[in-house]
Amino acid sequence: MWTIIKYKSQELQTAKKNLISEFEEKPIFYLPKIKYQKVINKKIRNYEKNILENYMICFHKNFSDAKFIVRLKNLKGISYFLNGYQNNQSDISNFVNNCKNYEDKDGFLNSKFFDECISDKAKFISGPFTDMIFQILKKQKNKLEILIGNKKATVSIDKNMYCPV
């Protein structure tokens, strides 16, 4: 059974290690990530980012037992387990499978994943407008018509240029 766990910031490895120690069989962890670049002081830096922020998706057969979950809630590194995961197994499974369909050979989501997301707002993750939020007015094959503030612009779609907000 899949569950969604919020872990404490900077304690992902601790949370994983403590969860593994509670099981006879190792659980399956899934953290969809993107790889992007930023220019800092005229140097290109590579970064990785978990698109779910401080959440991880985890699978193990014992997650169907509510008493087991109560015991795990107090493990070091874990903030809490999201409620309602029992009723949303198909949605969680579909999300994981969809993400895996868009992963590259290194396990990072490619830009096509975000192209498929229906969102009218996005944020630049690279280039001179990094961290600026814009509204998508029209999406074409290789360019976007966007609105930044009250200014319209057309930009070509570049790999890992933006992510939905």
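Looking only at residues of segment 17-38 that are free of Cβ contacts under 8 Å to residues at least 40 places away in the same chain and of a type in the set (A, V, I, L, M), we find that the one that is nearest to G107 (Cα to Cα) is L31. Taking the conditions (1) touching a Phe, Trp or Tyr at 6+ places or on another chain (Cβ under 8 Å); (2) part of a strand (DSSP E or B); (3) modelled with pLDDT of 85 or more; (4) surrounded by fewer than 16 Cβ atoms within 10 Å (Cβ to Cβ) in turn, S93 satisfies each one other than (2). For segment 37-52, indicate whether the set of residues that are in a loop (DSSP other than H, G, I, E, B) and touching a helix residue (DSSP H, G or I) at 6+ places or on another chain (Cβ under 7 Å) is non-empty. Checking segment 37-52: not a single residue is in a loop (DSSP other than H, G, I, E, B) and touching a helix residue (DSSP H, G or I) at 6+ places or on another chain (Cβ under 7 Å).
If only residues of segment 145-165 that are β-branched (V, I, T) and surrounded by 15 or more Cβ atoms within 10 Å (Cβ to Cβ) are counted, the one that is modelled with the lowest pLDDT is I157. Within segment 132-165, the set of residues being polar (S, T, N, Q) and without any contact (Cβ under 8 Å) to a residue 12 or more places away in the chain comprises Q140, N150, T154.
Across segment 1-46, the number of residues qualifying as loosely packed, with under 12 Cβ neighbours inside 10 Å, under 28 Å from K123 (Cβ atoms) and of a type in the set (S, T, Y) comes to 1. Have a look at F124, F108 and point out the one that is more than 21 Å from K141 (Cα to Cα), of a type outside the set (V, I, T) and surrounded by 15 or more Cβ atoms within 10 Å (Cβ to Cβ). Just one listed residue meets the conditions, F108.
Considering each residue of segment 64-78 in turn, at least one proves to be within 20 Å of the chain's Cα centre (by Cα) and either exposed (fewer than 11 other Cβ atoms within 10 Å of the Cβ) or not in a loop (DSSP other than H, G, I, E, B) (or both). Residues that are touching a strand residue (DSSP E or B) at 6+ places or on another chain (Cβ under 8 Å), of a type in the set (S, T, N, Q) and under 18 Å from V165 (Cα atoms) do occur in segment 129-138.
The values are calculated or read from the model by the stated rules, or taken from the named source; none is laboratory data. Predicted model, so just to flag it, every value in this text is computed and none were measured. Cβ sites come from the backbone with ideal geometry, for glycine too, and all protein chains shown count toward neighbours.
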